[in-house]
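K.L.:
The structure follows.
The values are calculated or read from the model by the stated rules, or taken from the named source; none is laboratory data. All values reported here derive from a predicted model rather than from experimental measurement. Cβ atoms come from the backbone with ideal geometry, glycine included; neighbour counts cover every protein chain shown.
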Amino acid sequence: MKKDSEVRVRMAPSPTGFFHLGSARTALYNWLFARHHQGKFILRVEDTDVQRSSKEMIQTILDGLTWLGLNWDEGPYFQSERLSTYQRYVQELIDKGYAYYCYCRSEDLMKEREAALRNKQSWKYDRRCLRLSAREREEKEKAHQPRAVRFLVPDHPVVFNDIVHKEIKRDAADIEDFIIMRQNGVPTYNLACVVDDYEMGITHVIRAVEHITNTPKQVLLYEALNLPKPEFAHLPLILGEDRKKLSKRHGAVSLMAYQERGFLPEAMVNFLALLGWSPGDDQEIMSLKRIIERFSLKRINPANAIFDQQKLEWMNGQYIYQMSDQELFDRLKPFFIRLKLVAQEDLEKKREWLLKICKVLKKRLKVLTDIDKVGRYFFVEDFEYDKTALEKHLNKKTIDLTEEFSLILNKISDFNARNIEDSLREFVQQKGIPARELIHPLRVFVTGKEGGPGLFETLELVGKERCLMRIKNIIKNYEEKNG
RNA sequence: GGCCCCAUCGUCUAGCGGUUAGGACAUCACUCUUUCAAGGUGGAGACACGGGUUCGAUUCCCGUUGGGGCCGCCA
């Protein structure tokens, strides 16, 4: 049972698409607000659009919230299971004269509306069914003509306070008699939302600004039903780089796409928290505990924000960098397997070796899947050689040098970075050349890349056999081409 | 066409009448290094415009412009 002063917020997704980044942020802000106030975070699935809702989507939403760590205290409640409740409220509105039956065909109205908009005219339902004579109405009822229920918008301006936007005012003339119950007896969003927010004791409605135009309608419903109103806070939108609302056109907008690319949930949370909200100081990388402590609806910036993926990547890289080797190893496990870098059964067997790779690659990963881009050569032989790097370092001189040095490498019994370095330093000294003249070609020959962790530890981790094999292949290919 | 929302560097933002307009990402130099990355140092980079109010406006008010959202028997 709810306490008088308890904060209760909800996440009310409709399971009709993938789990959008914007929905994730809305969920996060609700959750942060609840946790900050030691209140309750409630999950309610708005599935009154029977055709478009799907079971899979509900699961995706639950998975997404779970991944981000946004645990819910109640629910999920399903609106589709509460139809009789809504019907009761609709009946009350009809009985009190706040709503009326509409027998119009929606296709007809849609045509009128489209025609008007095409002619740059505004269009609003003209209440023709409200003005039906008793006889006309009786005829339609007798013929069992399908009927929806419209709310009769009262003739006075609607004013409400928004925590983010301050006072919002709207003239009655700008609100049409909206449908509250469809012909099929299922209520629409505005009605179901108001009834549920009331019945579930929601104290703060935190949702995206695209709903701000619905709010006056909902306020009217609260008033007609004589229900207490919650506080409202409308969050700015997340925009794509073209400044349009983030959508499928912008590529990856599904939360799970980010999980698959190897973003960390804690980085995601940190980044999303800062997209539209600021703690007021210069701190950007913040622990969840601190975010919760500092979070406040009053510090939400009302302006829409463009999603900056580069900054997300930077932040994710910071989180990876700050991790322990063991932690990174654990996070990387599913990616090792999916990228076919390490077999499942080798994961524990090769633990020590993998831990060392984690250590040297840590500051080079922005996302977990970068392990493939940046370190594939550690794991498998089918990595690619950078063509321009090869061109730069592959010539008679470097081949001769490498061939001679490989003999020395071969003799190292304890193939570790220290021994490799000692051998190489001694070798180049005898040759009277700077170390880099051997280091750079050697790196390209063994890893295919110009850059990477220190050469000696790299060679150690690739291992003696594979280093020698790769060098041999390079020499062989070179000789075949150049006689 | 109507209604609503918004406006500080390219991007995310701090600022709540008097500041050399601060930070972060990105960018550019330099530095460190066997290379790349990470790190360090530094540079360039913003108050959309026009009116008020005020001794004084980035800040308050109005307008213009620009951007965004909504106008479904979707949510």
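K.L.:
Look at the stretch A:281-307 and say how many of its residues are within 20 Å of the chain's Cα centre (by Cα), within 12 Å of RNA strand B (Cβ to nearest atom) and free of Cβ contacts under 8 Å to residues at least 12 places away in the same chain.
P.N.:
Number of matching residues: 0.
K.L.:
Here's a follow-up. Pick out the one residue from A:I399, A:I433, A:I371, A:I420 that is in a loop (DSSP other than H, G, I, E, B) and among the aliphatic types (A, V, I, L, M). It would help to see each step written out before you state the result.
P.N.:
On the way: A:I399 fails: in a loop (DSSP other than H, G, I, E, B); A:I371 fails: in a loop (DSSP other than H, G, I, E, B); A:I420 fails: in a loop (DSSP other than H, G, I, E, B).
Result: A:I433 is the single residue among A:I399, A:I433, A:I371, A:I420 that is in a loop (DSSP other than H, G, I, E, B) and among the aliphatic types (A, V, I, L, M).
K.L.:
Give me a count of the residues in the stretch A:352-368 that are part of a loop (DSSP other than H, G, I, E, B), within 17 Å of A:K449 (Cβ to Cβ) and of a type in the set (A, V, I, L, M). Give the derivation first.
P.N.:
Step one: of the stretch A:352-368, the residues part of a loop (DSSP other than H, G, I, E, B) are A:365-368.
Pick out the ones that are also within 17 Å of A:K449 (Cβ to Cβ) and you get A:365-366.
Within this subset, residues satisfying the condition of being of a type in the set (A, V, I, L, M) are A:365.
Count: 1.
K.L.:
Condition check: in contact with an Asp or Glu (Cβ under 7 Å, 6 or more places away or on another chain), within 10 Å of RNA strand B (Cβ to nearest atom) and not in a loop (DSSP other than H, G, I, E, B). Does A:R207 satisfy that? Lay out the reasoning, then the answer.
P.N.:
Working: in contact with an Asp or Glu (Cβ under 7 Å, 6 or more places away or on another chain): no; within 10 Å of RNA strand B (Cβ to nearest atom): yes; not in a loop (DSSP other than H, G, I, E, B): yes.
So A:R207 does not fit the description; no.
K.L.:
Here is a further query. What is the residue count in the stretch A:152-179 for residues that are part of a loop (DSSP other than H, G, I, E, B), more than 8 Å from RNA strand B (Cβ to nearest atom) and not β-branched (V, I, T)?
P.N.:
Total satisfying the criteria: 6.
K.L.:
Right, next: Can you spot a residue in the stretch A:272-280 that is assigned to a helix (DSSP H, G or I), more than 15 Å from the chain's Cα centre (by Cα), at pLDDT 95 or above and within 27 Å of A:D63 (Cβ to Cβ)? Steps first, please.
P.N.:
Looking only at the stretch A:272-280, we keep the residues that are assigned to a helix (DSSP H, G or I), and these are A:272-274.
Now drop any that are not more than 15 Å from the chain's Cα centre (by Cα), which leaves none.
No, every residue in the stretch A:272-280 fails to be assigned to a helix (DSSP H, G or I), more than 15 Å from the chain's Cα centre (by Cα), at pLDDT 95 or above and within 27 Å of A:D63 (Cβ to Cβ).
K.L.:
Can you tell me which residue within the stretch A:447-483, out of those that are part of a helix (DSSP H, G or I) and within 10 Å of RNA strand B (Cβ to nearest atom), is farthest from A:L424 (Cα to Cα)? Walk me through how you get there before you give the answer.
P.N.:
Of the residues in the stretch A:447-483, the ones part of a helix (DSSP H, G or I) are A:447, A:455-462, A:464-482.
Of the ones still in play, those that are also within 10 Å of RNA strand B (Cβ to nearest atom) are A:447, A:455-459.
Values: A:T447: 17, A:L455: 11, A:F456: 9, A:E457: 13, A:T458: 14, A:L459: 12 Å.
Residue satisfying both the conditions and the ranking: A:T447.
K.L.:
Here's a follow-up. Checking the condition loosely packed, with under 13 Cβ neighbours inside 10 Å, near RNA strand B (Cβ under 7 Å from one of its atoms), of a type outside the set (S, T, Y) and at pLDDT 95 or above, which residue from A:Q326, A:Q322, A:Q310, A:Q318 passes?
P.N.:
Working: A:Q326 fails: near RNA strand B (Cβ under 7 Å from one of its atoms); A:Q322 fails: near RNA strand B (Cβ under 7 Å from one of its atoms); A:Q318 fails: loosely packed, with under 13 Cβ neighbours inside 10 Å.
A:Q310 is the lone residue from the list that is loosely packed, with under 13 Cβ neighbours inside 10 Å, near RNA strand B (Cβ under 7 Å from one of its atoms), of a type outside the set (S, T, Y) and at pLDDT 95 or above.
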